[in-house]
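Here the structure comes first, spelled out in structure tokens, and everything after it is commentary.
The values are calculated or read from the model by the stated rules, or taken from the named source; none is laboratory data. Note that this is a predicted model, so its numbers are computed, not measured. Glycine also receives a Cβ, built like all others from the backbone with ideal geometry; neighbour counts cover every protein chain displayed. Please note that ligands, DNA and RNA were not included when accessible areas were found on the heavy atoms of the full protein model with its side chains. Shrake-Rupley method; radii C 1.70, N 1.55, O 1.52, S 1.80 Å.
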Amino acid sequence: MSDASEDREAEGLVSRVRVIEGQPLAGRAAAYASLHDELARRLDQAPPEPANGG
């Protein structure tokens with residue numbers, strides 16, 4: 001992934017968190033749970049990185 005696309009994804013995540021933070025507490029809990037599930041799914045689907053980090 002390029003630096004530019006990583007930056008866009010990070011900005012998108014920050015934007016989503018800001019929207020979540022603006023919700024009432026009960027809504028925030030559900031929204032964070034949904035975000036957690038989505039990120040966990042994406043992490044599980046990502047190809048494994050080499051052990052040496054390269």
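Just a few scattered comments:
- Evaluation of residue 42 against the conditions (1) at pLDDT 90 or above; (2) more than 12 Å from the chain's Cα centre (by Cα) shows that the sole unmet condition is (2).
- Subset of segment 1-36 (residues that are in contact with a Lys or Arg (Cβ under 9 Å, 6 or more places away or on another chain) and under 25 Å from residue 48 (Cβ atoms)): 35
- Filtering 42, 16 for residues that are touching a residue at least 12 places away in the same chain (Cβ under 8 Å), part of a helix (DSSP H, G or I) and basic (Lys, Arg) leaves a single hit, 16.
- Within segment 1-19, tally of residues that are among the aliphatic types (A, V, I, L, M) and open to solvent by less than 60 Å² (accessible area, probe 1.4 Å): 3
- Subset tally (residues that are under 17 Å from residue 10 (Cα atoms) and either open to solvent by 90 Å² or more (accessible area, probe 1.4 Å) or of a type in the set (Lys, Arg) (or both)) for segment 20-40: 2
- Test: residue in segment 41-54 that is surrounded by 10 or more Cβ atoms within 10 Å (Cβ to Cβ), of a type in the set (Gly, Ala, Ser) and either touching a helix residue (DSSP H, G or I) at 6+ places or on another chain (Cβ under 7 Å) or at negative phi (or both): no
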